[in-house]
Amino acid sequence: MIKLKILVLDDNQGVRDELGEFLTAKNFEIFQASLPSEATFILDRNEIDIIILDVKLPEKDGITYLKEIKEKFPYLEVIMITGHGDMDMVIQALRSGANDFFQKPFRSVDVEGAIQRTQRFIELNHKLKEVETNYSIITQELNSKFRWNLIAESPAMKSVLDLVVKVAKSDRTTVLITGESGTGKELVARMIHYLSARKNYFFNAVNCSAIPDTLFESEFFGHQRGAFTDAVETKSGMFEVTHKGTLFLDEIGDLKYELQGKFLRVLEEGRISKIGSNKEVEIDVRVVAATNRDLKQMCDNERFRIDLLHRLNSFVIHIPPLRERKEAIPCLIEYYLKEFSKQANKKIKGVDANTLRILQNYTYPGNIRELRNMIERAVIICDDDRLKLKHFLIDPEYIDSTPDPKLDIGSYNLEIIEKITIINALKYTQNNKSKASELLGIDRSRLQRKIKLYSIDEKKI
Ligand SMILES: Nc1ncnc2c1ncn2[C@@H]1O[C@H](COP(=O)(O)OP(=O)(O)OP(=O)(O)O)[C@@H](O)[C@H]1O
Ligand SMILES: [Mg+2]
């Protein structure tokens, strides 16, 4: 516990001594003053936590002085000593910023009670300040980290960013983010949150496919104690926990059909009730949903409710796959190369030109996440000063079109081209190895060896 500093201001020497003795015995550090001017002198030079002051003072009355010091020392707590039975004065003191009071002639229980309450108040204030400081450090860190995180080097991503900035401002609008896996849906959702007025509240990312069907309702709406067998405690649901923040519902397509109607109601009415309770509570939550599925088609198959889709469709942000914004690839590579070389403490200058060209023609079925993982792996195994093709596990099946004729055919590229050619021959002949070897002008056993050498997965042909 903090040893508090208490200043006693009373023109009566007897009162000062009595209070001083009593409080020193309780392990407080005591200061004394008989005049307001003297008290101000002490307050200016010491970090006093509590001042105990009489309503009747020389120089000026206690209430006037109370207002004065509350203005000058906002964190100073004030306990007033009032005349016995003078309720008007008590009310006036409390209204003017006093924290507590006791009456004259005083009883030690009253003094002790007033001090204890004030002490608890001060401690809570300290804790609150600590939490606020930590919180603002964390938010600052998050914000600065986050700023460097999103690369938008293509016109397509720039228009995505434009929408993000716009919808961030209207912080009640429900947003649906669509795009293939790994395109950055969650990153965009976070950005919407951190650019909005909700930024200092919770960004709660919930993956709908990770919640077992039986727990859905209780997870989202909470439950009252005893509402069902396992409900031993009353529990708040996701909506309540995210009050004032952003609820990110990832994979919304996996939301159980029966629950979709309930969800829609929450979105429309902004109110929920826990399972087992008929009390409704208002919730102020922005929902940002994401999916890599075709919700329209799911509606046609009656697996998604059309009314919920209409609601989500009010603001859609579609993130195109990486293969449709190839111009961003070099920038992303550079970004991740820098990040991972720093982590691995390696000095890798860049990617060699041919490799870069192949990386640019790759179609990235796993989008940015795949590119990121590829670079991470390449950096880990690279002992050169540049990343080369041998550092990458590129599946030629996903290389766009035939390689660029301008390519300088280095030894690694030759292998890649050979692998692609073999895959194409196998595809063309529907995995008929005799026909494929004939087409390639090599014998069947050589083709078999090559298939093994290049780890060509025949199941994918
Ligand atoms: N424009 C971008 N710039 C930099 N990094 C990005 C960008 N977009 C995505 N990433 C990174 O790619 C990875 C995948 O992003 P994210 O998790 O947001 O994708 P997603 O669309 O939610 O994927 P999934 O559908 O699989 O959940 C993350 O590491 C993210 O930081
Ligand atoms: Mg995601």
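Some notes on this structure:
- Given R0 = 35 Å, the distance between the Cβ atoms of Lys262 and Asp162 translates into a calculated FRET efficiency of 0.55.
- Per-peptide average of other Cβ atoms within 10 Å, ordering 275-281, 80-86 highest first: 80-86, 275-281
- Given charges at Cβ of Lys, Arg, Asp, Glu: segment 155-320 dipole, positive-most of Ala197, Leu295, Met157: Ala197
- Mean separation of Cα contacts under 8 Å (6+ apart) over length of segment 409-461, as relative contact order %: 34 percent
- Counting only residues at least eight positions apart within a chain, or on another chain, the lysines with an alpha carbon under 23 Å from that of Lys460 are Lys390, Lys419, Lys427, Lys433, Lys435, Lys450, Lys452.
- Eigen-decomposition of the gyration tensor built on the alpha-carbon atoms of segment 155-320 gives equivalent ellipsoid semi-axes of 27, 19, 13 angstrom, largest listed first.
- FRET efficiency, Asp17 to Tyr75 (Cβ-Cβ, R0 41 Å, nearest 0.05): 0.90
- Per-residue Karplus couplings for segment 418-434, computed as 6.51 cos²θ - 1.76 cosθ + 1.60 with θ equal to phi - 60°, are listed in order as 4, 4, 4, 4, 5, 4, 4, 5, 5, 5, 4, 9, 6, 6, 8, 5, 5 Hz, Gly and Pro entered as x.
- Listed by chain and number, the lysines placed with their C-alpha closer than 22 angstrom to that of Lys67 are Lys5, Lys56, Lys104; residues fewer than eight positions away on the same chain are left out.
- Computed over the Cα atoms of the chain, pair by distinct pair, the Kirkwood hydrodynamic radius stands at 28.8 angstrom.
- Cα-based Lys pair tally, segment 238-337, threshold under 29 Å, eight or more apart or on separate chains: 11
- Of the residues Ser445, Gly350, Ile42, the one whose Cα sits farthest toward the positive end of the charge dipole of the chain, with +1 on the Cβ of Lys and Arg and -1 on the Cβ of Asp and Glu, is Ser445.
- Furthest towards positive pole of dipole, His84, Phe31, Phe315, structure part the chain, Cβ charges: Phe315
- The GluC sites (Glu not before Pro) found in segment 36-142 that occupy coil by DSSP, while having at most 13 further C-beta atoms within 10 Å, are Glu47, Glu59.
- Potential lengthening of the chain between Glu59 and Leu128 amounts to 21.2 nm, from the contour at 0.36 nm per residue minus the alpha-carbon distance.
- Segment 215-290: chymotrypsin sites (Phe, Trp or Tyr not before Pro) in DSSP loop, at most 13 other beta carbons within 10 Å: Phe228
- Label separation (Thr214 vs Asp88): 6.9 nm, computed from points 7 Å beyond Cα along the C-beta direction.
- Taking amide hydrogens as placed 1.01 Å from N in the peptide plane, the amide H of Phe203 sits under 5 Å from those of Thr246, each at least 5 positions away in sequence or on another chain.
- Coil-residue trypsin sites (Lys or Arg not before Pro) of segment 311-405, DSSP, other Cβ within 10 Å capped at 13: Lys347, Lys349
- Seen against the Cα atoms of the chain and their longest principal axis, helix 329-344 is set at about 60 degrees.
- Magnitude of the charge dipole, segment 324-399, Cβ model with Lys/Arg +1 and Asp/Glu -1, debye to 20: 240 debye
- Long-range amide H partners of Leu387 with built H, under 5 Å: Gly350, Val351, Asp352
- Two-site FRET efficiency, Asp352 against Glu324, from Cβ-Cβ distance with R₀ of 25 Å, rounded to 0.05: 0.45
- Test item: Cα-centred dipole of the chain, Lys/Arg +1 and Asp/Glu -1 on Cβ, debye: 2300 debye
- The 3J(HN,Hα) values that the Karplus relation (6.51, -1.76, 1.60; θ = phi - 60°) gives for segment 48-58 are, in residue order, 7, 8, 10, 10, 9, 9, 7, 6, 9, 10, x Hz. Gly and Pro appear as x.
- Rough spin-label spacing in nm, given labels placed 7 Å along Cα→Cβ, for Ser314 and Asn373: 3.7 nm
- Computed 3J(HN,Hα) for segment 11-19, one whole-Hz value per residue from the Karplus formula 6.51 cos²θ - 1.76 cosθ + 1.60 where θ = phi - 60°, is 7, 8, 4, x, 4, 4, 5, 5, 5, glycine and proline marked x.
- Difference of contour (0.36 nm per residue) and Cα-Cα distance, Asp110 to Lys433: 106.5 nm
- Taking amide H as placed 1.01 Å from N in the peptide plane, Thr234 has its amide H under 5 Å from the amide H of Arg225, each at least 5 places away in sequence or on another chain.
- Stretch gain in nm, segment Lys338-Arg117, where the contour uses 0.36 nm per residue and the Cα spacing is subtracted: 74.0 nm
Throughout, read-outs are computed from the coordinates displayed, never taken from laboratory work. The model shown is predicted, which means the values in this text are computed figures rather than measured ones. Cβ coordinates were reconstructed from backbone atoms using ideal geometry, including for glycine residues, and neighbour counts include every protein chain displayed.
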